[in-house]
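Following: one structure in structure tokens, then a few remarks.
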Amino acid sequence: SEERAENETEKGLRVADGGFLNTAVIRSQITFIDGEAGSEYNRGYPIEQLALHSTHLETAYLLIYGALPTVPQFEIFSKEVMHHGVTHADAELFFRSFRYDAHPMAILTSAFAYLGSYCSEANPSLQGQNIFTKGDEASLARMDKQIYRLIGKATTLAAMAYRVRQGREFVTPPTNLSYTGSFLYQMDHMSEENYVPNPILEKALDVLFLLHADHELNASATTVLQTGSSLVDPYSAIAAGCASLYGPLHGGANEAVIRMLITIGKPENVPAFIEAVKKREKVLSGFGHRVYKTSDPRSFIVRKTADEVFNITGKDELLETAMALHEAAMKDKYFIERRLAPNVDFCGLIYRAMGFPLDFFPVLFAVPRVVGWLAHWRQASIIEQLYGNKSLIVTFFQMMLQEGGVKIWRPRQIYIGAGKREYVPIGGRV
Ligand code: ACO
């Protein structure tokens, strides 16, 4: 056809693939999701094993560097990350400039971009060149430094976004607690000496962080890579990832789930809600996934974690409604035919039980996902080594699916708009 001929280019066939249902843009060694089996592997390790035996920070190392760390490797990594938790004193002014009711994701998204303005060595524009050079160990060290900074400061920025809305003083991140413990300390800390977070809640949040650390090429990871492909600094790319995550179809879904449950109210209102979903008047948040078509393995770990947390906090009053909704959807033809199952976002019930405010839930997704974004960013930055490219410079963001140069992520479109038109001055328009 004419359209086909127009879209046969010197680089191959141009296809329209809305939503990228069938488009792969990278080769990756990080995470594998088997959507039919309902399983997830981080660098080959089943997510269940990691949730049981590992910690968020150890899994972060695994995702970013490709192997579980040895004791000395982990000591260095965790020391560096925790050491980088502290922010510049001026950050206080930045946080205090937001309105009292600003959504914490709006604050966090802005905060990552703000952070970049303090890290000029990561900014290729300021350096006048790409900052990672092949064979240059200092380049890799410079890359590691941005990784430590971003993971270390993610919890600090999140806690500041939380405290500023409450008119509370900011807390210096402690370095003698775990990553998650330090985060809870910064969130909760009042004035008691020797305050320590509840160890069971700390462990539960750490497991949830680990579950959220990476999930291959989801919308936000893609956004980070797309943004980074212009060679912008990683702070700006992560801010873009945060913006993508904010939406209710992605990281905002954990907030949307609870808002939905509050709207439904009692279990007896579930059937009417399900009917409204089937008529497409409502969306069943927390259900469905682009890749998982049978079950999401994270949802089982969330359930187990919920039981552990509820033992301490007491059951959430929305739990019964959530269970009734789950049961009704799982036996309804509409959901069975479309192969829709619960995803990870019912973890909002745990966050609620732990006392986090509702609009803070997406932040609890973004903080650990910084790890996955960085793993993708680093892989893309050094992927040149995987493909044996011959160029002298390993660029900051070299997407090498083919030999021969830097590829900015610039998709094409199928144009279906008006043909050529002549400009009409405003007075002459009808
Ligand atoms: N409620 C009702 N219907 C749904 C839902 C849902 N939650 N999810 C998908 N469907 C329907 C679609 O309307 C579509 O029906 P149709 O073929 O008759 O038009 C069919 O199931 C296929 O769904 P798509 O939207 O095409 O699937 P896609 O892969 O594009 O979307 C998504 C995946 C965005 C997650 C979707 O399932 C959804 O909107 N879920 C609710 C929001 C949510 O929970 N997001 C979190 C995802 S996980 C994460 O980011 C952590």
Here the residues within segment 284-314 that are within 13 Å of the ligand (Cβ to nearest atom) and of a type in the set (A, V, I, L, M, F, W, C) are 284, 287, 291, 302
>> Take residue 334 and tell me if it is among the aromatic types (Phe, Trp, Tyr), within 12 Å of the ligand (Cβ to nearest atom) and at pLDDT below 95.
In response: no
The correct count of residues that are of a type outside the set (A, V, I, L, M, F, W, C) and surrounded by fewer than 17 Cβ atoms within 10 Å (Cβ to Cβ) in segment 29-40 is 4
Taking segment 218-242 and the residues there that are within 10 Å of the chain's Cα centre (by Cα), buried (at least 20 other Cβ atoms within 10 Å of the Cβ) and hydrophobic (A, V, I, L, M, F, W, C), the one that is farthest from the ligand (Cβ to nearest atom) would be 238
Screening 281, 255, 275 for residues that are in contact (Cβ under 8 Å) with a residue 40 or more places away in the chain and within 13 Å of the ligand (Cβ to nearest atom) leaves only 255
Of those in segment 121-131 that are surrounded by 18 or more Cβ atoms within 10 Å (Cβ to Cβ) and touching a Pro at 6+ places or on another chain (Cβ under 9 Å), the residue modelled with the highest pLDDT is 122
Those residues of segment 337-350 which are more than 9 Å from the ligand (Cβ to nearest atom), out of contact with any strand residue (DSSP E or B) (no Cβ under 9 Å at 6 or more places or on another chain) and closer than 15 Å to residue 274 by Cα amount to none
How many residues of segment 43-66 are touching a residue at least 12 places away in the same chain (Cβ under 8 Å), closer than 22 Å to residue 202 by Cα and either touching a Leu at 6+ places or on another chain (Cβ under 6 Å) or of a type in the set (A, V, I, L, M) (or both)? The answer is 9
The residue that is nearest to the ligand (Cβ to nearest atom), considering only those in segment 315-329 that are out of contact with any helix residue (DSSP H, G or I) (no Cβ under 7 Å at 6 or more places or on another chain) and within 19 Å of residue 253 (Cα to Cα), is 326
When restricted to 63, 68, 93, 52, the only residue over 23 Å from the mean Cα position of the chain (by Cα) and either surrounded by 10 or more Cβ atoms within 10 Å (Cβ to Cβ) or not charged (D, E, K, R) (or both) is 93
(Q) Just checking, does segment 398-405 include any residue being at pLDDT 85 or above and of a type in the set (Asp, Glu)? (A) no
Per the filter on segment 341-350, residues under 18 Å from the mean Cα position of the chain (by Cα) and among the aliphatic types (A, V, I, L, M) are 344
*asked:* Can you find a residue that is of a type in the set (A, V, I, L, M, F, W, C), at pLDDT 95 or above and within 17 Å of the chain's Cα centre (by Cα) anywhere in segment 351-361?
replied: yes
Within segment 273-296, the count of residues that are crowded, with 19+ Cβ neighbours inside 10 Å and not in a loop (DSSP other than H, G, I, E, B) comes to 4
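Per-residue answers, yes or no, for (1) surrounded by fewer than 18 Cβ atoms within 10 Å (Cβ to Cβ); (2) out of contact with any Lys or Arg (no Cβ under 8 Å at 6 or more places or on another chain); (3) modelled with pLDDT of 95 or more:
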position: 99; (1), (2), (3): yes, yes, no
position: 102; (1), (2), (3): yes, no, yes
position: 111; (1), (2), (3): no, yes, yes
position: 116; (1), (2), (3): no, yes, no
position: 145; (1), (2), (3): yes, yes, no
position: 153; (1), (2), (3): no, yes, yes
Check: Just to be sure, is residue 245 away from the ligand (no atom under 12 Å from the Cβ), in contact with a Ser or Thr (Cβ under 7 Å, 6 or more places away or on another chain), in contact (Cβ under 8 Å) with a residue 24 or more places away in the chain and not polar (S, T, N, Q)?
Finding: no
Considering segment 297-354, residues that are outside any helix (DSSP H, G or I) and of a type in the set (Asp, Glu), and then whichever is farthest from residue 210 (Cα to Cα), we arrive at 332
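The values are calculated or read from the model by the stated rules, or taken from the named source; none is laboratory data. Predicted model, so just to flag it, every value in this text is computed and none were measured. Heads up, the Cβs are rebuilt from the backbone with ideal geometry, glycines too, and the neighbour counts pull from every protein chain shown.
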